[in-house]
Ligand SMILES: [Zn+2]
């Protein structure tokens, strides 16, 4: 027969348990605070699913990382959480003040060698869209993607135009509705417009009809406004489930994307490692610090000896 548990043990267990609870609560408060500060407060996501490249869909339920995609509510300009870096933040450019505009900003655009002729990748055949966070290529290229569209600074247009680099825009209908013409100017500057839902809803676990409305609906509307039907999709917060990829395919889009790096407030954060690798897809947003973010993305690509290339050129 076991002797009754000594009082000290009970007491210790109790305290230990309380300490654990306290740590857990503090940890969740810290995480929540970071998310709120970034104003992105996206739902937790399974960014780890993509940590090992290639976009294999390995369902990961934990540990969760902060979402790095804007929640995108109207009137509440986006912010993506400092996301998904499992690696510590890598210092990049010292952030210049946003809006320092003009020649000062343009002088910070790195010079790149020309991008090599794109070699299209092979996508798996099947009833679902591919899921990628990196283009499997050894070519010395990386891809800049810019999401949402809440903040519309004229300077962003001149900067993209001056940089002469290709960018892919994953636009949310509710974010762009106030001024679709802004993105027509970007389109004229070479940006390619792709889909990112209508309301910026978290699609994971939603019904097929709900996902269809968001995914096909945004492709339809973007097509009507910009004269080109999107072929690529990014789910808000990078959150998806098998239905998301199936519906993306049904809606006529070939691939959906996560990312390998995020940029916010002039700082590049890496999902893995400390440098941009060939084929990496970099995520940034239309935010007040657009110039700093865009320049930091360019500088990280330049530091890695790579050249920005157009994502669409690599998708068959
Ligand atoms: Zn987004």
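Take the alpha carbon gyration tensor of the range 110-208, find the square roots of its eigenvalues, order them as a ≥ b ≥ c, and report rounded if a/c is under 1.5; if not, report prolate when a/b exceeds b/c, else oblate. Cα axes put the range 110-208 in the oblate bin.
Going from the residue with the fewest nearby Cβ atoms within 10 Å to the one with the most, 203, 106 rank 106, 203. Based on C-alpha pairs under 8 angstrom that are at least 6 apart in sequence, the range 255-316 has a relative contact order of 34 percent.
The ranking of 178, 133 by Cβ neighbour count inside 10 Å, starting from the fewest, reads 178, 133.
Give me 312, 122 ranked fewest to most by other Cβ atoms within 10 Å of their Cβ, as a rough exposure proxy. Mind showing how you got there, number by number?
Details: 312 18, 122 8.
Sorted ascending by nearby Cβ count, the order is 122, 312.
Assign one of three labels to the range 179-299, namely rounded, prolate or oblate, based on the Cα gyration tensor with a ≥ b ≥ c the square roots of its eigenvalues; rounded applies when a/c is under 1.5, prolate when it is not and a/b is larger than b/c, and oblate otherwise. Spell out each step's value before the answer.
Details: a/c = 2.05, a/b = 1.32, b/c = 1.56.
Taking the square roots of the gyration eigenvalues as a ≥ b ≥ c, the range 179-299 is oblate.
Coordinate-derived values only; no laboratory data. Remember, it's a predicted structure, so these values are computed and weren't measured experimentally. Don't worry about glycine lacking a Cβ; one is built from the backbone with ideal geometry, like all the others, and counts go over all protein chains shown.
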